[in-house]
Amino acid sequence: MPSAIEVRKVPIHSVADASELAKLIDDGVMEASRVIAIIGKTEGNGGVNDYTRIIADRAFREVLVEKGADADAVKQVPIVWSGGTDGVISPHATIFATIDAEPTDEPRLTVGFAMSEQLLPEDIGRTAMITKVADAVKVAMERAGITDPADVHYVQTKTPLLTVHTIRDAKSRGKTVWTEHTHESMDLSNGCTALGIAVALGEIEMPTDEDVMHDRSLYSSVASCSSGVELDQAQVVVVGNAPGVGGRYRIGHSVMEDALDADGIWAAIKDAGLDLPERPHTSDLDGRLVNVFLKCEVSQDGVVRGRRNAMLDDSDVHWHRQIKSAVGGVTAAVTGDPAVFVSVSAAHQGPDGGGPVAAIVDLG
């Protein structure tokens, strides 16, 4: 049985700041050697060349080593950064660490981690990637002590996207790639990864190459997929609930049907186990919400609740930044806290124009 989990959200005061992680360790809240995953938002552009993710990654790993964790072990800790804090979204990190706690029959938060086989540039956007991701999700589930896919509420991944260098590499070996547009490959990598998660959890049957990015009725309701230039495998963190683990925390999930669906966020919080009134208010959370994790996407028809919007036609500001800012505002209005994990590029992650929502709460 996996260990109980302590989870805390901390602010990031500058691009290379990890001082709040150091404070948690110094205060005895968690041990550096027992940190098993970090998921956070950095303030870069969220694009292919968003190197704030690499800067933050280095800062947090350096603190773990400085505070006593083994350097080689720290290299293996999954740290997933989503770049871009558009609008009111505030840079922050959510840190997961194992602790010793009395077991309980009540389902409590559990986390499992796995790395996929190497993802070649020619795999990205194709069934080879779906299969490799699905295999890694199953390993992460097992490590989390989860046997029923219904107990998985959040799967955070980081996968490679295509760059000029990797496209050239594929061509040198006589292979083709799905796209030669590197920015488009971010959406592609995320969407294809989400299909792998959906297959692993039995949400959908195995899709075809032609379904990727085209059949938006195929999606996972728990996938949160991010991509970048810093790895060549799928980094998979499965978060769910399991009996016998112990601890104070529990996770739940739901989906936003569209960019304005605040009720979808409240549904995830309630699913995590908080007893809330029929029409809840931020004050009802009473400090028990640790964080929410969302993916968002512009509806392919360019319409929100029957009203036309121009995000997909805007040549000045990419729709990635616009929808992230909009959904970030909706989310912060629900939680009362702008340090929320809102990530864009949600193809095959929740319904078209919406996205999955996961919430972690402290049950005390």
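The values are calculated or read from the model by the stated rules, or taken from the named source; none is laboratory data. Every value quoted in this text rests on a predicted model; they were computed, and no experiment measured them. Virtual Cβ from ideal backbone geometry, glycine too; neighbours counted across all protein chains shown. Heavy atoms of the whole protein, side chains included, go into the accessibility calculation; ligands, DNA and RNA do not. Shrake-Rupley method; radii C 1.70, N 1.55, O 1.52, S 1.80 Å.
Sort through G364, G355 and tell me the only one that's of a type outside the set (A, V, I, L, M) and open to solvent by 10 Å² or more (accessible area, probe 1.4 Å). Reasoning before the result, please.
On the way: G355 fails: open to solvent by 10 Å² or more (accessible area, probe 1.4 Å).
Just one listed residue meets the conditions, G364.
Could you tell me whether any residue of the range 121-130 is open to solvent by less than 20 Å² (accessible area, probe 1.4 Å), without any contact (Cβ under 8 Å) to a residue 12 or more places away in the chain and not aliphatic (A, V, I, L, M)? So far as the range 121-130 goes, yes, one or more of its residues are open to solvent by less than 20 Å² (accessible area, probe 1.4 Å), without any contact (Cβ under 8 Å) to a residue 12 or more places away in the chain and not aliphatic (A, V, I, L, M).
Every test in (1) under 30 Å from R173 (Cα atoms); (2) of a type outside the set (G, A, S); (3) within 21 Å of the chain's Cα centre (by Cα) is passed by T127 save one, and that test is (3). Filtering the range 138-177 to residues that are closer than 22 Å to G350 by Cβ, assigned to a loop (DSSP other than H, G, I, E, B) and touching a helix residue (DSSP H, G or I) at 6+ places or on another chain (Cβ under 8 Å) leaves only L161. Can you pull out every residue in the range 25-45 that is closer than 16 Å to F293 by Cβ and not β-branched (V, I, T)? Listed by number, the residues that qualify are A37, G40, K41.
Please tell me if E230 is outside any strand (DSSP E or B) and under 18 Å from the mean Cα position of the chain (by Cα). Answer is yes for this residue.
Of the residues making up the range 287-323, those that are closer than 30 Å to R248 by Cα and surrounded by 11 or more Cβ atoms within 10 Å (Cβ to Cβ) are R288, L289, V290, N291, V292, F293, L294, K295, C296. Taken together, the residues in the range 179-200 that are out of contact with any His (no Cβ under 8 Å at 6 or more places or on another chain), over 12 Å from I124 (Cα atoms) and buried (at least 24 other Cβ atoms within 10 Å of the Cβ) amount to 2.
Condition check ((1) under 21 Å from N190 (Cα atoms); (2) among the hydrophobic types (A, V, I, L, M, F, W, C); (3) free of Cβ contacts under 8 Å to residues at least 24 places away in the same chain) across all residues:
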site: A267; (1), (2), (3): no, yes, no
site: P277; (1), (2), (3): no, no, yes
site: K295; (1), (2), (3): yes, no, no
site: D314; (1), (2), (3): no, no, yes
site: R321; (1), (2), (3): yes, no, no
site: V330; (1), (2), (3): no, yes, no
site: A339; (1), (2), (3): no, yes, no
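Considering the range 141-173, and only residues there that are more than 20 Å from E122 (Cβ to Cβ) and hydrophobic (A, V, I, L, M, F, W, C), the residue that is most open to solvent (accessible area, probe 1.4 Å) turns out to be A150. For the range 201-221, filtered to residues that are among the aliphatic types (A, V, I, L, M) and open to solvent by 10 Å² or more (accessible area, probe 1.4 Å), the residue that is farthest from T104 (Cα to Cα) is M213.
Quick check on the range 36-43. Is at least one of its residues surrounded by 16 or more Cβ atoms within 10 Å (Cβ to Cβ), over 19 Å from the mean Cα position of the chain (by Cα), more than 19 Å from K324 (Cβ to Cβ) and among the aliphatic types (A, V, I, L, M)? No, the range 36-43 contains no residue that is surrounded by 16 or more Cβ atoms within 10 Å (Cβ to Cβ), over 19 Å from the mean Cα position of the chain (by Cα), more than 19 Å from K324 (Cβ to Cβ) and among the aliphatic types (A, V, I, L, M).
Restricting the search to the range 25-34, which residues are in a helix (DSSP H, G or I) and open to solvent by less than 20 Å² (accessible area, probe 1.4 Å)?
Step one: filter the range 25-34 for residues in a helix (DSSP H, G or I), giving 25-26, 32-34.
Within the range 25-34, just A32 meets the criteria.
Which of the residues that make up the range 83-106 are hydrophobic (A, V, I, L, M, F, W, C) and open to solvent by less than 30 Å² (accessible area, probe 1.4 Å)? Hits for the range 83-106 are I89, A93, I95, F96, A97.
Filtering the range 263-298 to residues that are among the hydrophobic types (A, V, I, L, M, F, W, C) and either over 19 Å from the mean Cα position of the chain (by Cα) or in a loop (DSSP other than H, G, I, E, B) (or both) leaves A272, L274, L276, L285, V298.
The set of residues in the range 3-24 that are farther than 19 Å from K75 by Cβ, surrounded by fewer than 17 Cβ atoms within 10 Å (Cβ to Cβ) and not polar (S, T, N, Q) comprises P11, H13, V15, K23.
Scanning the range 312-364 for residues that are part of a loop (DSSP other than H, G, I, E, B), more than 19 Å from I39 (Cβ to Cβ) and hydroxyl-bearing (S, T, Y) yields a total of 1. Among the residues of the range 45-74, just one is modelled with pLDDT of 95 or more, buried (at least 19 other Cβ atoms within 10 Å of the Cβ) and assigned to a loop (DSSP other than H, G, I, E, B), namely A69.
Against the criterion of being at pLDDT 95 or above, under 19 Å from A272 (Cβ atoms) and open to solvent by less than 10 Å² (accessible area, probe 1.4 Å), A347 does not qualify.
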